[in-house]
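Asker: Can you read through this structure? Questions will come right after.
The values are calculated or read from the model by the stated rules, or taken from the named source; none is laboratory data. Quick caveat, the model's predicted, so the values are computed rather than measured. Neighbour counts are summed over all protein chains in view; Cβ atoms, including those assigned to glycine, are modelled from backbone coordinates with ideal geometry. Please note that ligands, DNA and RNA were not included when accessible areas were found on the heavy atoms of the full protein model with its side chains. Shrake-Rupley method; radii C 1.70, N 1.55, O 1.52, S 1.80 Å.
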Amino acid sequence: MTEPLFFDTDCISAFLWVNNESILSKLFPGRIVIPKEVYDELSQGLKAQVDLMLQAGNATIESIMVGTDTYELYRKLTSHPDPGHKIIGRGEAASISLAKEKQGILASNNLRDISAYVTEYGLSHLTTGDIMKMAFDAGYINEAQGNTIWANMLARKRKLGYRSFSDYLAKHQSEKS
């Protein structure tokens, strides 16, 4: 996997809020893309952390150019979705639009809002849980560290779908059996 990862606000924030963006830098060096709309949604403190990732060359910010197909898709998703679809946030829409244009991977936790678009546009998709499991499989974190990070993310009101990293691992191990 060498495709760029386009992070929405919720997914990148899950790692930034708990000061574990180094997991992203280790797993995806130079492949982390933060749409300008996502960067704009971040608080000053989180922007400072992203700025360090940018300076280290571990991430880039990408803007959507007005007048492009990507911009038209972004506008559609944020203001005039197709029938049966709901309007989504700017960060999610930018991440989806850029991932589609650049044939990259969408990094988002907001499955309820984005699932239809992921399917419709044939996007590859990762959640925070998927990324944490990748870090575990790569040996960057152990299960206890994963549980601590997970608990800290939950304390920051992240919706991760499982009570603990151990629960996530158990569910995803049983799916492979």
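Asker: Looking at (1) over 21 Å from Ile141 (Cβ atoms); (2) out of contact with any Gly (no Cβ under 6 Å at 6 or more places or on another chain), which is the one condition that is false for Glu3?
Answerer: The one condition Glu3 does not meet is (2).
Asker: Which of (1) touching a residue at least 12 places away in the same chain (Cβ under 8 Å); (2) over 22 Å from Arg31 (Cβ atoms) is the odd one out, the single condition Val118 does not satisfy?
Answerer: Evaluating Val118 over (1) touching a residue at least 12 places away in the same chain (Cβ under 8 Å); (2) over 22 Å from Arg31 (Cβ atoms) leaves (2) as the failure.
Asker: Something else now. Could you tell me whether any residue of the stretch 112-126 is modelled with pLDDT of 95 or more, crowded, with 18+ Cβ neighbours inside 10 Å and farther than 22 Å from Glu72 by Cα?
Answerer: Within the stretch 112-126, one or more residues are modelled with pLDDT of 95 or more, crowded, with 18+ Cβ neighbours inside 10 Å and farther than 22 Å from Glu72 by Cα.
Asker: Determine the pairs where a residue that is under 16 Å from Ile96 (Cβ atoms), located within the stretch 36-47, has a partner that is open to solvent by less than 40 Å² (accessible area, probe 1.4 Å) and polar (S, T, N, Q) with Cβ atoms under 6 Å apart, the partner being 6 or more residues away or on another chain.
Answerer: Close Cβ pairs satisfying both conditions: Val38/Thr9; Glu41/Thr9.
Asker: Name the residue, out of Ile149, Ile141, that is hydrophobic (A, V, I, L, M, F, W, C), open to solvent by less than 70 Å² (accessible area, probe 1.4 Å) and in a helix (DSSP H, G or I). Quick ask: steps written out before the conclusion?
Answerer: Working: Ile141 fails: in a helix (DSSP H, G or I).
It is Ile149.
Asker: Failed condition for Gly84, given (1) under 27 Å from Ser63 (Cβ atoms); (2) open to solvent by 70 Å² or more (accessible area, probe 1.4 Å), with all others met?
Answerer: So the condition that Gly84 fails would be (1).
Asker: Next question, about the same structure. Exposed (fewer than 15 other Cβ atoms within 10 Å of the Cβ) and closer than 17 Å to Asp130 by Cβ: is that true of Glu3 in this structure?
Answerer: yes
Asker: Any residue in the stretch 25-48 that is part of a helix (DSSP H, G or I), of a type in the set (D, E, K, R), open to solvent by 30 Å² or more (accessible area, probe 1.4 Å) and closer than 24 Å to Lys133 by Cα?
Answerer: Yes, because at least one residue in the stretch 25-48 is part of a helix (DSSP H, G or I), of a type in the set (D, E, K, R), open to solvent by 30 Å² or more (accessible area, probe 1.4 Å) and closer than 24 Å to Lys133 by Cα.
Asker: Given the criterion surrounded by 12 or more Cβ atoms within 10 Å (Cβ to Cβ), out of contact with any His (no Cβ under 7 Å at 6 or more places or on another chain), of a type in the set (S, T, N, Q) and closer than 26 Å to Arg112 by Cα, identify the matching residue among Thr78, Thr60.
Answerer: Among Thr78, Thr60, only Thr78 is surrounded by 12 or more Cβ atoms within 10 Å (Cβ to Cβ), out of contact with any His (no Cβ under 7 Å at 6 or more places or on another chain), of a type in the set (S, T, N, Q) and closer than 26 Å to Arg112 by Cα.
A quick yes/no check of all residues on (1) among the charged types (D, E, K, R); (2) within 22 Å of Lys159 (Cα to Cα):
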position: Asp8; (1), (2): yes, yes
position: Phe15; (1), (2): no, yes
position: Leu24; (1), (2): no, yes
position: Phe28; (1), (2): no, no
position: Asp40; (1), (2): yes, yes
position: Lys47; (1), (2): yes, yes
position: Asp51; (1), (2): yes, no
position: Ser63; (1), (2): no, no
position: Thr70; (1), (2): no, no
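Asker: What are the pairs with Cβ atoms under 8 angstrom where one residue, in the stretch 126-146, is over 17 Å from Arg158 (Cα atoms) and the other, located anywhere, is in a loop (DSSP other than H, G, I, E, B) and modelled with pLDDT of 95 or more? Sequence gap at least six, or different chains.
Answerer: Ala135/Ile141; Phe136/Asn142
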